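Remarks on the structure that follows.
What follows is calculated from the coordinates using simple rules that are stated; it is not laboratory data. Since this is a predicted model, take the numbers as computed values, not measurements. Methodologically, a virtual Cβ is constructed for each residue, glycine included, from the backbone with ideal geometry; neighbour enumeration extends over all protein chains shown.
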Amino acid sequence: MRVLFVGGGYVTVWAHRAMRRAIRRGDVTTTVVAPGLTHRFHGFTGEVLGDLLPPRRLVTDLAELCPAATLVDGTVTAVDLERRRATVRTADGVTEVEYDQLVLAAGSSDSRTPPGIGAHGYSAKDPAGFALLHRRLAQPWRDLVVVGGGLAGAELCAAIAERFRDDGRRIQLVHSGPALVPELLPRYRGLARYVHRQLDRYGVRVRTGTAVREVGPTGVALADGTLLPADLVVSTSGQRPVAVPGTEQLPRLPDGRLRVDAFLRVAGRPEVWSGGDLAAVPHIASGRPSPANALWAIKHGGRLGRNLVRQLRGRTPRRFGYPGLGRSACLGVGKGAAHLYGVPFTGWLAWFTRAVFFLAYMPSRRQARAAAGELLTAVRTRHRRPSPSTNPSTATSDPSLEQA
Ligand SMILES: Cc1cc2nc3c(=O)[nH]c(=O)nc-3n(C[C@H](O)[C@H](O)[C@H](O)COP(=O)(O)OP(=O)(O)OC[C@H]3O[C@@H](n4cnc5c(N)ncnc54)[C@H](O)[C@@H]3O)c2cc1C
């Protein structure tokens, strides 16, 4: 059986782990197409921007993670679902890859909103954009605006604010929703308050309930008419599923995610599989699409790989039955916010739990060992508690959290 994987993210790496034995026996051959042939571990994005970890800690060669796969450094530019072949653009030209089973694991990319973000802002996900952002932070800047107040935006703000604290920089977080970190609401309101409090203590000005209308070369225009001067703008506002050309006729939800069944097969297409950010995988209990984050992508990949092998052996594929575990965020060294099996906790315990958990789920043991050492060093040598903010302009500005 020839399996083609589009993308080299979590789904692909964990599917390969699940299929290891079948691949070793020669029952399955896999081809992975991904630009750059690297896996990116986004979990420690904040730690890298906060200068606690080097950027190379986020990037691992796919040759290390999927050693038995045929790796093609390129981008899938077309899929012919009827003839079961994909067109791949590489540095050397265009090549075709035939398959028996196709795994669409292309994940998501930064959304192109708000207008102007592509020309004047920085990306947290796209590898080239992220490298530019990392370099730019090391150059002089004064005003930073982060667009998007989900966990990713809050973590990013906190990491940068902690790195440059007491430095006279101005950092603002703009969130169009009524309250910060909607992922934690309404159930974990106390955790959301904790996140807000940490940003306040760093002096981050949080603006909720107002959208960014446009990003320009000198700042950001808000929908309410306010102009925020900024020499640095980063957007974390929304990821959109990648549209792999040639797959347009596959069924999707309105948000662009592929409709897949409980076995991770694309509806109506038994030879096409998907998971991760690109797929709406039904949750075993609620039936609603499972969240788009790394842990779910890892679990999707594992089940998908095992189901491919079951299908090969003539067995019935199994349902995706992972119920979920929790969420966590890092708001600076020793300042975590997490909930695990419904139990919320904060501070050092949450920070440490998250770090251990992320290290365990880093795809490369080599990278995880190095990151563990670097985090320990960061804790020992760099941790200082930020002084509580005395600036009234940084007081909590999210009334919904204050009322809770
Ligand atoms: C800044 C940031 C911080 C995050 N922090 C966390 C966190 O703390 N915890 C957490 O659980 N999740 C976090 N996430 C989310 C997590 O990274 C994603 O949910 C996860 O990466 C999804 O995995 P995936 O396998 O679906 O896709 P990805 O890991 O995105 O992999 C997709 C792959 O497809 C490739 N690709 C795309 N298009 C094509 C094409 N046409 N041809 C070939 N290859 C293609 C890409 O290059 C990439 O290799 C974060 C994301 C970001 C951006």
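Using alpha carbon centroids, what distance separates segment 66-123 and segment 279-340, in Å?
22 Å
Any chance you could list the semi-axes, whole Å, largest first, of the equivalent ellipsoid that the Cα gyration tensor gives for segment 212-341, using √(5λ)?
36, 21, 12
Could you work out how much longer the chain between A138 and R17 gets when fully extended? Use 0.36 nm per residue separation minus the Cα distance between them, nm to one decimal.
39.8 nm
Highest mean first, what order results for 310-316, 215-221, 298-304, 30-36 on Cβ atoms within 10 Å?
298-304, 30-36, 215-221, 310-316
Can you compute the modelled spin-label distance between Y341 and R112, with each label point 7 Å from Cα toward Cβ, in nm?
In this crude label model, Y341 to R112 measures out at 4.6 nm.
What's the long-distance tail for segment 93-144, i.e. % of Cα pairs beyond 16 Å?
61 percent
Using the Cα gyration tensor of segment 139-213, with a ≥ b ≥ c the square roots of its eigenvalues, what is the shape: rounded (a/c below 1.5), prolate (a/b larger than b/c) or oblate (neither)?
Oblate, because a/c is 1.5 or more while a/b does not exceed b/c.
Compute the distribution of all C-alpha to C-alpha distances in segment 56-138, in bins of 10 Å from 0, and list the percent of pairs in each, rounded to whole numbers.
Taking every Cα pair in segment 56-138, the percentages come to 13, 33, 34, 18, 2.
Mind grabbing the base-10 log of I(q)/I(0) for the chain at q = 0.07, 0.09 Å⁻¹? Debye formula, identical points on the C-alpha positions, no solvent, two decimal places.
The calculated log intensity ratios at q = 0.07, 0.09 Å⁻¹ are -0.34, -0.56.
Over segment 274-313, how many percent of alpha carbon pairs lie in each 5 Å bin up to the one with the longest distance?
For segment 274-313, the binned pair fractions read 6, 25, 27, 23, 12, 5, 1 percent.
How much net charge surrounds R170 when only the other residues with a Cβ under 9 Å from the Cβ of R170 are counted, with Lys and Arg +1 and Asp and Glu -1?
That sum, taken over residues with Cβ under 9 Å, equals +2.
Calculate how large, on average over all directions, the projected area of the Cα convex hull of segment 49-204 is; give the answer in nm² to one decimal.
13.3 nm²
Provide the net charge surrounding G246, with neighbours chosen by a C-beta distance below 11 Å and charges set as Lys +1, Arg +1, Asp -1, Glu -1.
Taking every Cβ under 11 Å from that of G246, the sum is -1.
Taking only Cα atoms and a 10 Å spring cutoff, compute GNM fluctuations for the chain and point out the largest among A128, A350, A15.
For the chain, modelled as a Gaussian network with Cα springs under 10 Å, the answer is A128.
Give a quick list of GluC sites (Glu not before Pro) in segment 62-105 that DSSP marks as loop, anything other than H, G, I, E or B, with at most 14 other Cβ atoms within 10 Å.
Taking segment 62-105 and a limit of 14 other Cβ atoms within 10 Å, the loop GluC sites (Glu not before Pro) found are E82.
Over the Cα atoms of segment 4-84, each weighted equally, I'd like the Debye log10 I(q)/I(0) at q = 0.11, 0.17, 0.18 Å⁻¹, rounded to two decimals.
-0.36, -0.73, -0.79
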